[in-house]
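Trainee: Have a look at this one before I ask anything.
Each value in this text was obtained by applying a stated rule to the coordinates, not by laboratory testing. Note that the coordinates shown come from a computational prediction; the quantities given were computed from them, not determined experimentally. Cβ placement follows ideal geometry from the backbone for every residue including glycine, while neighbour counts extend to all protein chains displayed.
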Amino acid sequence: MKTIIVKLDDNNTDMEALKAAGRIIRSGGLVAFPTETVYGLGADALNPAASEKIYAAKGRPSDNPLIVHIYRLEDLYEIARDVSDAAVRLAGEYWPGPLTMIFKKKDIVPLKTTGGLDTVAVRMPSNRVAAEFIKEAGGFIAAPSANLSGRPSPTDASHVIEDMDGRIDMIIDGGSCDIGLESTIVDMTGEVPMILRPGYITGDMIKAVTGQVDHDPAVFGKMSEGLRPKAPGMKYRHYAPKGDLIIVRGEREKVISYISKGINEAAGAGRKTAVLTAREDEDAYPGEALKISVGARDDEDEIARHLYGALRQCDDEGIDIIYSEDFSTPRIGQAIMNRLIKAAGHKIVDVAGTGGTGTVLLPG
Ligand code: TXA
Ligand code: MG
């Protein structure tokens, strides 16, 4: 299949190109598009045959439901039942934006789109190209992240091209994504809103609007404890880098010394290493490693924005061992570490109080 690639951004929303993208969706095709979180791989959410194509293009298990993207609030009521006051208030505060809410679905939403569930996940993106595209396409776009299953979510059009060129009808290149992590998912079907996937909209931000919030225990837990995540997609490891990813946490000096020792040993054995580091620490590591600065330590937005690109870069450069510093930053650190710990398959070394030898925590 020949994939059409068009370049658009907030200042150049070429309506002809967006109309063409809309026509592709209306005739059952697939279009990748930018959002403020990550790129999405879109299909007509109300057309089961179109949703099915998404699973094939990504190589994604078909029990993993898709998020339905809308561009105006009134359309929520076309696809969702029992929309609570709390949900309306959350939408008022955080839509359009990086928040996905789960509702009981209406019959119009095919089970192919919801992975067989009787609930539907809905999000209204703030990215202007995304909003115009959804409108041109008829208003309901089912879209997972536009990566091949098992790779990090794409945060730049180049990542989408890498994974999807030749597999889908069109890619809309809208540059780099502002946030770089997938949306917060909150289940609104129970008494208390429950976060199933942490993101840029934090638990505190939700609580500020609704008065209460719970977390799916699987957000913090490990699969080995038998916790079944309520968001089916969260049970997958998601992204296993080709190299071994190890997170090292503890006092700054001890972390640097532990990782540096690892880099030197690996270099001696002829293995390629990389280190994901805060900009301040970049120069502290031996030159044998590929140093990828993800951002200034106190700029958590920058760290989030660069995380997936950094992991892709390690694969591109054939890295054998990837060390990462801990990025448990105050606000979205929970979301950043949720993704990083999954990518590391829970390999965390805690060097606190051990004189730098490190305790390997392998919870599963
Ligand atoms: O920021 C985002 O949310 C991006 C952009 C493209 O909007 N999309 C995204 O989609 O991250 P995806 O498919 O990669 O992740 C969707 C997650 C999966 O873990 C899926 O299991 C969960 O949402 N999900 C979808 N519908 C659900 C439902 N009805 N109940 C529980 N979890 C659901
Ligand atoms: Mg995904």
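Trainee: Points 7 angstrom from Cα along the Cβ direction at K106 and A267: gap in nanometres?
Mentor: Modelled inter-label distance: 6.3 nm.
Trainee: Go through K207/K342; K112/K235; K207/K347; K291/K342; K135/K235 and tell me which ones have a Cα-Cα distance over 24 Å in this structure.
Mentor: Among K207/K342; K112/K235; K207/K347; K291/K342; K135/K235, the Cα-Cα distance tops 24 Å for K207/K342; K207/K347; K135/K235.
Trainee: Return the FRET efficiency for the residue pair H346, E191: r is the Cβ-Cβ distance, R0 is 25 Å, and the value is rounded to the nearest 0.05.
Mentor: Using R0 = 25 Å, I get an efficiency of 0.20.
Trainee: Quick check for me: using +1 on Lys/Arg Cβ and -1 on Asp/Glu Cβ, what's the dipole size of the chain about its Cα centre, in debye to the nearest 20?
Mentor: 1060 debye
Trainee: A further question on this structure: Given a Förster radius of 51 Å and the C-beta distance between E288 and S176 as r, what FRET efficiency does 1/(1 + (r/R0)^6) yield to the nearest 0.05?
Mentor: That gives a FRET efficiency of 0.95.
Trainee: Moving to a separate point now. Please go through the range 131-207 and write out the chymotrypsin sites (Phe, Trp or Tyr not before Pro) that DSSP classes as loop and that have at most 11 other C-beta atoms within 10 Å.
Mentor: Sites meeting the loop and neighbour criteria: none at all.
Trainee: Shifting gears a bit: Any chance you could run the full-extension gain for E317 through L227? It's 0.36 nm times the residue separation minus the Cα-Cα distance, nm to one decimal.
Mentor: The span from E317 to L227 would gain 28.9 nm if fully extended.
Trainee: Just to confirm a number: summing +1 for Lys and Arg and -1 for Asp and Glu over residues other than L148 whose beta-carbon lies under 13 angstrom from that of L148, what do you get?
Mentor: It works out to a net charge of +1.
Trainee: In the range 63-136, what % of DSSP beta bridges are antiparallel (nearest 5)?
Mentor: Of those bridges, close to 70 percent are antiparallel.
Trainee: For the chain, count the residues as N, evaluate 2.2 N^0.38 Å, and divide the Cα radius of gyration by that value, please.
Mentor: 1.00
Trainee: Another question, if that's okay. Just in the range 239-287: which GluC sites (Glu not before Pro) are loop by DSSP and have at most 13 other Cβ atoms within 10 Å?
Mentor: Within the range 239-287, the qualifying GluC sites (Glu not before Pro) (loop, at most 13 other Cβ atoms within 10 Å) are E251.
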